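*Asks:* Let me give you the structure first, and then I'll get to my questions.
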Amino acid sequence: MIQRFIEIGQGYSDIYELLEIGRNQKHRVARLLAMHTTINDKKVTSLVIVMEPTDPGKFQPLYICREGIPNPHATKNKRYELFENLAEELDRPIIEIDVKASVLFAEIELYYQHLIGILRMNRYLPPLS
């Protein structure tokens, strides 16, 4: 199985595309994630929609708006509320986890590999088969 992050953007106007992906493919949404971190003393959140793997092909996309949304526990904001509304529509909980910031990694692909490892370890993603 191939599991890959697909970056939509950083969560400004592109959050609407992330929400549309969730609404238009609701039958494939496996999980909704909010990954919290701190960058330059600013608390931010990445929002992720984890899809069920394709069949055939066994490709599992993780659509992400990376580190551009204020952490809702530090600063309430409309963008996170829209994600909460999607969670209600899909009847899925938002799984919240704290992660390292992407700026701590030399390359963004290394960051995404790190996140996939964390998600597998916590059984939010299936292991490779």
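The values are calculated or read from the model by the stated rules, or taken from the named source; none is laboratory data. What you are looking at is a predicted structure, and each value in this text was computed from that prediction instead of being measured. As a convention, Cβ positions derive from the backbone with ideal geometry for all residues, glycine included, and neighbour counts pool all protein chains shown. These accessible areas exclude ligands, DNA and RNA; they are computed on the full protein's heavy atoms, side chains included. Shrake-Rupley method; radii C 1.70, N 1.55, O 1.52, S 1.80 Å.
*Asks:* Can you pull out the residues in the stretch 34-49 that are in contact with a helix residue (DSSP H, G or I) (Cβ under 8 Å, 6 or more places away or on another chain) and within 12 Å of Cys65 (Cα to Cα)?
*Replies:* Ala34, Met35, Thr45, Leu47, Ile49
*Asks:* Evaluate the following for Asn85: is it over 16 Å from the mean Cα position of the chain (by Cα), over 21 Å from Gln113 (Cα atoms), of a type in the set (S, T, N, Q) and open to solvent by less than 80 Å² (accessible area, probe 1.4 Å)?
*Replies:* Here the answer is no, as Asn85 does not meet what is asked.
*Asks:* Going through the stretch 15-68 one residue at a time, which ones are open to solvent by less than 10 Å² (accessible area, probe 1.4 Å), in a helix (DSSP H, G or I) and not aliphatic (A, V, I, L, M)?
*Replies:* Within the stretch 15-68, just Gly22 meets the criteria.
*Asks:* Oh, and also: Which numbered condition trips up Ile95, out of (1) touching a residue at least 24 places away in the same chain (Cβ under 8 Å); (2) under 20 Å from Gly9 (Cβ atoms); (3) open to solvent by less than 80 Å² (accessible area, probe 1.4 Å)?
*Replies:* (2) is the only condition that Ile95 fails.
*Asks:* Quick check on the stretch 98-119: of everything there that is of a type outside the set (A, V, I, L, M, F, W, C) and open to solvent by 80 Å² or more (accessible area, probe 1.4 Å), which residue is farthest from Gly22 (Cα to Cα)?
*Replies:* Restricting to residues being of a type outside the set (A, V, I, L, M, F, W, C) and open to solvent by 80 Å² or more (accessible area, probe 1.4 Å), the top hit is Glu107.
Per-residue answers, yes or no, for (1) touching a Lys or Arg at 6+ places or on another chain (Cβ under 7 Å); (2) aliphatic (A, V, I, L, M); (3) modelled with pLDDT under 95:
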| site | (1), (2), (3) |
| --- | --- |
| Glu81 | no, no, no |
| Leu90 | yes, yes, no |
| Pro93 | no, no, no |
| Asp98 | no, no, no |
| Ser102 | yes, no, no |
| Ile116 | no, yes, no |
